[in-house]
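Asks: Below is one structure. I have some questions about it.
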Amino acid sequence: MSSRHDTSSLTRSPPLTGLSTQSQCIHTLTQDEDSVLSLAATEALLFSGGQGAHLSDIHVWDLDHFRLRANLRGHLGSILCLTLREDGKWLFSSSGDGTIRVWDTETFNCLYHIHSSQDVGDVFSVVFSNSLNTLYFGCQNTSIQWFDFSDSKPDVPHSPNITYTLRNHMPRFFEGSMKEPEEQATRYSIPESCIYQNGHFGYVYCLLLGKVPNVEGETLFSGSGEGDIKLWKLHKGRPIEHLRTLKAGVDASTLTLALHDGFLFCGSQGGNIKIFDLETFQLIRSLIAHDDDVLSLVVRGSQVYSASADGVVKQWNRGFEPLQAWRDHKGSVLSLTSTHSYLISGGSDKLIKLWPIVKGSIQPEVVDSTAEDVMLYALEKWIAMSTVSGVPSQLEECRRGAKFLKAVLQQLGAESRLIPGAPGHNPLVYGHFGARSNKAEGCQRPLNVLVYGHYDVIAADIKKWDYPPFKLTGHDGYLYGRGASDNKGPILACIFAASELQEEHQLDVNVKFLIEGEEENGSVGFFQAVEQNIELFQEADVILLR
């Protein structure tokens, strides 16, 4: 039995039951010259932090159009951690310069600049408690520190002309020569009373906030270079209180943490993922997950995703079994984040990759979100059909492309059919979206708009393409593939626009489509086919050439 899915349908295939390595990456973004060390995202915006040798930017990407929207500048070292307030209005960033900054995600202004009263080294991890209005961060000097926004006073009044010079500080992993920028944010320092010295016997690489059974309020989890995971009780206006230490066994650093359904997932140096039951605090599983350090973990729906220095992203189910694995990055996968729509990864190859998530699965099921999602999926399937005209060996593929377009028109509410072309050549595709009925007295007949286009393409020399010509590839806000702009993309855009207007009862004109399959081959048989079916087109008032 053939494994090929029905190409005439806009329904995506169900999730695979076994381990799959098929990539579903739908777009790739390039982050200048920096490795992507950290990521955070709202439904509309993606924030990425890089490994800068000096002044480091936080890149802000528009997730609707996959374009760079802004750069947030201020840190003097690598951006090691990014996290968002629950409502998405504040972005917290920590850096190799030993500071934390708070950014307004609407204006992109830096609101606060927070630094410790100690030389902390790198600030590896940051989490924010909404209930306590308090920021917690883990440091290279093994301390855990916190900042209460409701009970803090700035060092000095806000001034746009203040220049703040860092004290001498301990060496950090990712910094080079630095020049302090002009400081415009309100500055705060962490008092000694808000510092838990020697929280671990190693660097505090990761922090996580979550609920623990039978423990009131939020619990802070911390992982470090010694490998232990510690649990801390949080108090408003008082120091954190050590509750328990979870021993992960072998002496391997705990680099990342995730919480799901009462289980704590701990990504470790060497490639293992340790899983603790928080009801009993027992280590119940140690997964040999990757061939190198596990650098990031993300939970979305019922799935857990892991990223590693081995260059692989894996998906795990409730039973701690791997479902899928992807090796799309050329180098280490350093960071993960997710939205309701995407799983997003950042790598040492300076690339950010996005995969669609539907119902908690990275393998899409049924497209039922937006018209734009369906259109892109239809374009992806259509681009994969090498509808090269004038080549006898491609006649069947061209016919398949024509039938696909006919099916798309029908599924979107149009009347559609194939019109035979010249013998031995490709058929034409006809489609018609009718205007809404208007029975008011004195109304004239609606205008008839005829949209002309072509679904055939010219052959592609693979050696001259940066991307596979018959695979739709998104990169830095653009879609690449043979026919993406000439002419399959514009055709689908018109069809989906007409369908959406018709569905909303806003289509005031009749829209007819005449899409040929021999335009790149001199339009062989086109005029004869139109003449033989002139009753379909003779009342056209406007002709739109795509």
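The values are calculated or read from the model by the stated rules, or taken from the named source; none is laboratory data. It should be emphasised that the depicted structure is a prediction, and the values quoted were computed from it without experimental measurement. Quick reminder, even Gly has a Cβ in these numbers, built from the backbone with ideal geometry, and neighbours come from all protein chains shown.
Asks: Can you confirm whether segment 387-403 contains a residue that is at pLDDT 95 or above, over 32 Å from the mean Cα position of the chain (by Cα), acidic (D, E) and outside any helix (DSSP H, G or I)?
Replies: The answer is no; no qualifying residue exists.
Asks: Oh, and also: Could you check A307 against (1) more than 15 Å from the chain's Cα centre (by Cα); (2) buried (at least 21 other Cβ atoms within 10 Å of the Cβ); (3) more than 17 Å from I26 (Cβ to Cβ) and say which number it fails?
Replies: (1)
Asks: OK, next. Have a look at R101, R73, R85 and point out the one that is among the basic types (K, R), touching a His at 6+ places or on another chain (Cβ under 8 Å) and either loosely packed, with under 15 Cβ neighbours inside 10 Å or in the same structural domain as G237 (by TED's automatic domain parsing) (or both).
Replies: Values: R73 fails: touching a His at 6+ places or on another chain (Cβ under 8 Å); R85 fails: touching a His at 6+ places or on another chain (Cβ under 8 Å).
Result: R101 is the single residue among R101, R73, R85 that is among the basic types (K, R), touching a His at 6+ places or on another chain (Cβ under 8 Å) and either loosely packed, with under 15 Cβ neighbours inside 10 Å or in the same structural domain as G237 (by TED's automatic domain parsing) (or both).
Asks: Restricting to segment 458-471, and then to whatever is out of contact with any strand residue (DSSP E or B) (no Cβ under 6 Å at 6 or more places or on another chain) and not charged (D, E, K, R), can you tell me which residue is nearest to C398 (Cα to Cα)? Even if it seems obvious, please write down each step before you answer.
Replies: At the first step, the residues of segment 458-471 found to be out of contact with any strand residue (DSSP E or B) (no Cβ under 6 Å at 6 or more places or on another chain) are 458, 460-466, 468-471.
Then drop every residue that is not not charged (D, E, K, R), which leaves 458, 460, 462, 465, 468-470.
Numbers: I458: 12, A460: 15, I462: 19, W465: 22, P468: 19, P469: 16, F470: 13 Å.
Of everything passing the filter in segment 458-471, I458 is nearest to C398 (Cα to Cα).
Asks: Residues being in contact (Cβ under 8 Å) with a residue 60 or more places away in the chain and either more than 13 Å from S338 (Cα to Cα) or part of a loop (DSSP other than H, G, I, E, B) (or both): count how many of those fall in segment 295-313.
Replies: First pass over segment 295-313, keeping only residues in contact (Cβ under 8 Å) with a residue 60 or more places away in the chain: 300-301.
From what's left, either more than 13 Å from S338 (Cα to Cα) or part of a loop (DSSP other than H, G, I, E, B) (or both): 301.
Within segment 295-313, residues that are in contact (Cβ under 8 Å) with a residue 60 or more places away in the chain and either more than 13 Å from S338 (Cα to Cα) or part of a loop (DSSP other than H, G, I, E, B) (or both) number 1.
Asks: Still on this model: Consider segment 80-109. How many of its residues are over 15 Å from T337 (Cα atoms), touching a Leu at 6+ places or on another chain (Cβ under 9 Å) and β-branched (V, I, T)?
Replies: 4
Asks: Out of the residues in segment 489-532 that are of a type in the set (D, E) and out of contact with any Gly (no Cβ under 9 Å at 6 or more places or on another chain), state the one that is farthest from A435 (Cα to Cα).
Replies: The first filter runs over segment 489-532 and keeps only residues of a type in the set (D, E), leaving 500, 503-504, 508, 516, 518-520, 531.
Retained after the next criterion (residues that are out of contact with any Gly (no Cβ under 9 Å at 6 or more places or on another chain)): 500, 504, 508, 531.
Numbers: E500: 12, E504: 11, D508: 5, E531: 25 Å.
By that ranking, first place goes to E531.
Asks: Determine, yes or no, whether S437 is exposed (fewer than 14 other Cβ atoms within 10 Å of the Cβ), modelled with pLDDT under 95 and hydroxyl-bearing (S, T, Y). Working first, answer last.
Replies: Values: exposed (fewer than 14 other Cβ atoms within 10 Å of the Cβ): yes; modelled with pLDDT under 95: yes; hydroxyl-bearing (S, T, Y): yes.
Here the answer is yes, as S437 does meet what is asked.
Asks: Something else now. Over 20 Å from G98 (Cα atoms), in a loop (DSSP other than H, G, I, E, B) and at pLDDT below 70: which single residue out of S159, S131 fits that description? Working first, answer last.
Replies: Details: S131 fails: at pLDDT below 70.
Only one candidate qualifies: S159.
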